[in-house]
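Peer 1: My structure is below; once you've seen it, I'll send some questions.
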Amino acid sequence: MNLFLLDAIGPFFRALDQPRINWSKIPFAHLPLDGPEGASFWDQLEKDFRRLATQAKELGYNALTLDDLAHLTPHPWHGEAMNQKLEFFAKKFERLFAILTELELQAWVTADVITLSPEAEKRVGNDFEARTAFFYDLYNRFCDRHPSVQGLILRIGESDGLDVEDELRSNLHVRSAKEVNLFLRGLLPHAESRGKEIILRTWTVGAHRIGDLIWHRGRLSEALAGIESDHFILSMKPAESDFFRHLPLNKAFFGYPGPKILELQARREYEGAGEFPSWIGPDCEQMRDELASATNMRGVSVWCQTGGWHRFTRLTFLDENALWAEVNTRAAIDIFRRQLSANQSIAKLVGPEKGPAATELLEHTRHIVETLYYIPEFARQKLFFRRVRIPPLLHIYWDSLYIHSPIRKILRHFVKDHEAALQESAGAMQRFPRVLELGEEVGWPVDDLRFMRDTCALIHLARTYYFSSYNEELVAEIKAAKRAYKAAWPAKGRARYRIKTDFSPSPLKGRTLMLMSKLLLRRQRGYRRVMDHFFTLNLLSFLYRLFRNRSQEALPETMRNSAMGLDSVFK
């Protein structure tokens, strides 16, 4: 392995003052441009960026990633005002790229395929060839303007979220394996002639025929047929879904023979986003050992800031309270580059005397996340709907815990051993007194551990509601616990979880749920000949569009309005 990437978008989020933040990419639309506020922001950003880059180099990372091609490249087809803004960003980023050159770090830049301004969209319309040609032209202009940038990281399976307020908006361009192949065959000669590299991410949200690229081995083979360039690298998340636990390593790492990298997330977007420990060291160690037999592993790409729509705002390596994401970021590079064990990485951080206590604390909290935050019996089930694998975490969505009657009914359907689920949760809660003791012993922030304990206590109550017989006393206990949680962790003091409760009887009947799950969901990767090819992949899309508003109402607002929304799953 010789490529160790780390995302460097954290400094840009100092400009945001919002109740919930989209952490998927740099918020260009919200960055101050000129005036005293702008001058102060960019001056501080440059200092923060240098600090982050210096820390990354000291840890062993040799490349940093930034967003994005479209916002750093003026183009004649954009309007004058747009190009003035892009020229401003291009100049500011030239200074950042110069810092990386000075520190002997590679610069990599992301690109959504494809991002268009309203004016450019009028020019290219919906024509695939015209849109593709525009991207190639934009890429060449970018390379001319920023020659020190080593490579481009392509995101083809996800576009801007519903909340993004930017005239430059990305939308999905390549919709089939054939189009991906054509796009890459046209782009790679441009990269090769300039000595640049292209990384293709397989991540998708299930939209269009390419929406199963992350897990469908035939689709991946078709998309990359004949792509044998030394300038091409494939980038994959560990499993067949997002950054979740309880999922096996993606077999595509062993099936695809070309150069590839593994994506890792240190600031766990679905597991507290750095507000409390969510230890990945042992997972990294296991993946490293499994991947020893995979050919052409080029390295890892670690996300220390990127990911999620939530209210947690700690900036890794910039804020004093960002310890937990930093612990994971250090472990990832120690394990994959230096071949250390997870325990050795921790001892290296805190010293040999505190190493055993720190390791014990992290192992306890890891167990709590795996057995209380997740419901193991549900998390380990292989369930597919249309082109996506059902996430193993259903009741917690970024910064929100849902104690809802429909979720109760769904979980009771898929989890058969209710008593075991309750015992796992209760057993995990019993570890917190020891966790707090260890926190004091190591000198780590005990307040974070108390926050984790109080949050997990509500998650434990939620599980009790899911798998116990319904009774009003329990409902009253949950409501009281919710009030106590909000009082203990006031919103002005620190970001906390949103506890969403709805105990009204669910209109979803048991027999209906059983029938729907049998018809719509499958426990195999491959599609069923009739049920999927005819109904879920085609007719169901038509029915969803027909009854779209009613379909959306069935979901909580957060799920409807975050990321690309429900529509993407039915494209």
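Peer 1: At a probe radius of 1.4 Å, what is the per-residue accessible area of Tyr527, in Å² to the nearest 10?
Peer 2: Accessible area of Tyr527: about 40 Å².
Peer 1: Can you show me the helix-derived [θ] at 222 nm for the chain, built from DSSP H runs with n ≥ 4 at -39,500 (n - 2.57) apiece and divided by the number of residues, rounded to the nearest 500.
Peer 2: -14000 deg cm²/dmol
Peer 1: Taking Rh as the Kirkwood radius, which is the inverse of the mean 1/r over Cα pairs, what is the Rg/Rh value for segment 120-170?
Peer 2: That ratio is 1.00, to two decimals.
Peer 1: Could you check how many percent of all C-alpha pairs in segment 284-346 are farther apart than 20 Å?
Peer 2: Tail of the P(r) past 20 Å holds 36 percent of the pairs.
Peer 1: So, one more: Could you work out the mean projected area of the convex hull around the alpha carbons of segment 235-327, in square nanometres to one decimal?
Peer 2: For the Cα atoms of segment 235-327, the hull's average projected area reads 6.0 nm².
Peer 1: Could you state the accessible area per residue of the chain in Å², with a 1.4 Å probe and every protein chain left in place? Mind showing how you got there, number by number?
Peer 2: Values: 23400 Å² over 571 residues.
Each residue of the chain exposes 41 Å² on average to a 1.4 Å probe.
Peer 1: Further question on the same structure: What are the ³J(HN,Hα) values, in whole Hz, obtained from phi via the Karplus relation 6.51 cos²θ - 1.76 cosθ + 1.60 with θ = phi - 60°, for each residue of segment 148-153 in sequence order, with x given for Gly and Pro?
Peer 2: The phi angles translate into 7, 6, 6, x, 10, 10 Hz.
Peer 1: Also: Let me test this: with uniform point scatterers at the alpha carbons of segment 1-50, what is the Debye-based log₁₀ I(q)/I(0) at q = 0.13, 0.19, 0.21, 0.24 1/Å?
Peer 2: -0.36, -0.68, -0.79, -0.96
Peer 1: Let me ask something else about it. Quantify, in whole percent, the carbon and sulfur part of the accessible surface of the chain (1.4 Å probe; protein heavy atoms only).
Peer 2: Solvent-exposed carbon and sulfur of the chain make up 51 percent of the total.
Peer 1: Shifting gears a bit: Indicate, rounded to the nearest 5 percent, the antiparallel portion of the DSSP beta bridges found entirely in the chain.
Peer 2: 20 percent
Peer 1: With a Förster radius of 60 Å, plug the Cβ-Cβ distance of Leu349 and Lys509 into 1/(1 + (r/R0)^6) and report the FRET value to the nearest 0.05.
Peer 2: Once the sixth-power term is evaluated, E becomes 0.70.
Peer 1: If you don't mind, there's one more thing I want to ask. How many angstrom lie between the Cα centre of segment 413-433 and the Cα centre of segment 4-69?
Peer 2: Segment 413-433 and segment 4-69 have Cα centres separated by 40 Å.
Peer 1: I've got another one for you. Starting from the coordinates of the alpha-carbon atoms of segment 153-285, obtain the Kirkwood hydrodynamic radius over all distinct pairs and give the value in Å to one decimal.
Peer 2: 16.2 Å
Peer 1: If you take every DSSP beta bridge whose two residues both sit in segment 365-513, what share of them, in percent to the nearest 5, is antiparallel?
Peer 2: 45 percent
Peer 1: May I ask you to rank Lys92, Lys354 by accessible area, largest first, using a 1.4 Å probe over the protein chains only?
Peer 2: Lys354, Lys92
Peer 1: Sticking with this structure for a sec: Pairs to check: Lys237/Lys416; Lys196/Lys237; Lys25/Lys196; Lys57/Lys260. Give those whose C-alpha atoms are more than 28 Å from each other in this structure. Don't skip to the end; give the middle numbers.
Peer 2: On the way: Lys237/Lys416 30 Å; Lys196/Lys237 23 Å; Lys25/Lys196 22 Å; Lys57/Lys260 22 Å.
In this structure, Lys237/Lys416 exceed 28 Å between Cα atoms.
Peer 1: Counting Lys and Arg as +1 and Asp and Glu as -1, each charge on the Cβ, what is the dipole of the chain about the Cα centre in debye, to the nearest 20?
Peer 2: The dipole magnitude comes to about 2140 debye.
Peer 1: Can I ask one more? Under a crude label model (7 Å from the Cα following the beta-carbon direction), how far is Arg525 from Val475 in nanometres?
Peer 2: 4.5 nm
Peer 1: How much of the pair distance distribution for the chain lies past 32 Å, counting alpha-carbon pairs only, in percent? All intermediate terms of the calculation are to be shown ahead of the outcome.
Peer 2: Details: 75954 of 162735 pairs.
Across the chain, Cα pairs with separations above 32 Å total 47 percent.
Peer 1: Leaving ligands, DNA and RNA out of it, rank Arg529, Arg453 by accessible area with a 1.4 Å probe, largest first.
Peer 2: So, going from the largest accessible area down, we get Arg529, Arg453.
Peer 1: Whole Å is fine, so just give me how far the alpha carbon centre of segment 445-462 lies from that of segment 99-151.
Peer 2: Segment 445-462 and segment 99-151 have Cα centres separated by 44 Å.
Peer 1: To the nearest Å, what is the center-to-center distance of segment 170-216 and segment 283-338, using C-alpha atoms only?
Peer 2: 25 Å
Peer 1: Which sequence of Met531, Met236 reflects their accessible areas, 1.4 Å probe, from the largest down?
Peer 2: Greatest to least solvent exposure: Met531, Met236.
The values are calculated or read from the model by the stated rules, or taken from the named source; none is laboratory data. Just so it is clear, the structure is predicted and the values come from calculations on it, not from any experiment. For neighbour counting, all protein chains shown are included, and Cβ atoms are generated from backbone atoms with ideal geometry for every residue, glycine included. Heads up: the accessible areas ignore ligands, DNA and RNA and are worked out on the full protein's heavy atoms, side chains in. Shrake-Rupley method; radii C 1.70, N 1.55, O 1.52, S 1.80 Å.
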